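Engineer: Let me give you the structure first, and then I'll get to my questions.
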Amino acid sequence: MMNDFRSILTPDAVLIYASRAKLILLLLAAAAFVTLSPLLWKTGRTDYRIVAVLAVTLCGAAALWLLARLIWQKPALIISSIGIYDGSSALGGIVLRWEQIEDVYISFLKTSAFSKQRFLSVRVKDTDEFLREVAGIKAMTMRMNIGLVGAPVNIPATTLSIPLEEVIEHMRKTCPSVRVIGQAAGKW
């Protein structure tokens with residue numbers, strides 16, 4: 001499995017970058033959580049202190065990754081005649097050739113009573129082989145993704161500069177044989 005996006009850059013490639021505005025909003029949200037965490041720590045309650053440590057650790061790491069994405073712009077998604085490159089993950093990019101892809105669909109996870117996060121989900125033909133080629137925490141995350149929305153590769157709509165429906169249209173134009181199935185819901 002390749003993870004270098006240059007391997008699928010062809011003259012017909014469609015490069016989709018992360019939305020700078022969305023990245024900035026996510027960065028501000030992560031920074032707010034990090035900034036407010038000391039207030040939880042000061043309560044002295046053990047459960048609040050655990051939340052404070054988690055917020056600083058996870059949101060701090062997210063803020064650093066978001067800042068890096070803002071400074072060093074690289075494609076979040078590439079669609080070419082060879083396949084797709086998913087560069088939207090903090091765990092590193094991945095190249096999928098069209099012959100590896102079973103189907104694509106829009107999925108979502110309910111994140112609160114009032115909102116849900118949408119993803120472009122990509123199922124692969126041989127999941128076991130695919131996951132053997134992926135190492136460590138990325139493989140573990142992909143296994144969780146399969147349990148949540150049915151696909152190992154999930155590209156979040158929150159950071160892309162174009163709607164998921166437009167992404168699917170680019171996929172259909174580039175690879176007319178790609179199978180697009182109806183929208184699937186997540187388990188949360």
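The values are calculated or read from the model by the stated rules, or taken from the named source; none is laboratory data. Note that the structure is predicted; figures quoted are calculated from it, not measured. When we count neighbours, we look across all protein chains shown, and the Cβ atoms used for this are built from the backbone with ideal geometry, even at glycine.
Engineer: Any residue in the range 90-98 that is within 21 Å of residue 166 (Cα to Cα), surrounded by fewer than 19 Cβ atoms within 10 Å (Cβ to Cβ) and either hydrophobic (A, V, I, L, M, F, W, C) or not assigned by TED's automatic domain parsing to the domain that holds residue 145 (or both)?
Structural biologist: The answer is yes; a qualifying residue exists.
Residue-by-condition table, conditions (1) within 20 Å of residue 155 (Cα to Cα); (2) surrounded by fewer than 15 Cβ atoms within 10 Å (Cβ to Cβ); (3) among the aromatic types (Phe, Trp, Tyr); (4) more than 16 Å from the chain's Cα centre (by Cα):
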{"residue": "18", "(1), (2), (3), (4)": "yes, no, no, no"}
{"residue": "30", "(1), (2), (3), (4)": "yes, no, no, yes"}
{"residue": "35", "(1), (2), (3), (4)": "no, yes, no, yes"}
{"residue": "39", "(1), (2), (3), (4)": "no, yes, no, yes"}
{"residue": "46", "(1), (2), (3), (4)": "no, yes, no, yes"}
{"residue": "49", "(1), (2), (3), (4)": "no, no, no, yes"}
{"residue": "61", "(1), (2), (3), (4)": "yes, yes, no, no"}
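Engineer: Among the strands (runs of 3 or more DSSP E) confined wholly to the range 68-127, which include 3 or more residues that are free of Cβ contacts under 8 Å to residues at least 40 places away in the same chain?
Structural biologist: Of the strands (runs of 3 or more DSSP E) lying wholly inside the range 68-127, those with at least 3 residues that are free of Cβ contacts under 8 Å to residues at least 40 places away in the same chain span 116-124.
Engineer: Further question: For residue 55, state whether it is small (Gly, Ala, Ser), outside the structural domain of residue 162 (by TED's automatic domain parsing) and at pLDDT below 90.
Structural biologist: yes
Engineer: A follow-up question, please. Taking only pairs six or more apart or across chains, which ones have beta-carbon atoms under 9 Å, a first residue in the range 159-181 that is buried (at least 17 other Cβ atoms within 10 Å of the Cβ), and a second residue that is assigned to a loop (DSSP other than H, G, I, E, B) and acidic (Asp, Glu)?
Structural biologist: Close Cβ pairs (under 9 Å, with a partner that is assigned to a loop (DSSP other than H, G, I, E, B) and acidic (Asp, Glu)) amount to 174/12.
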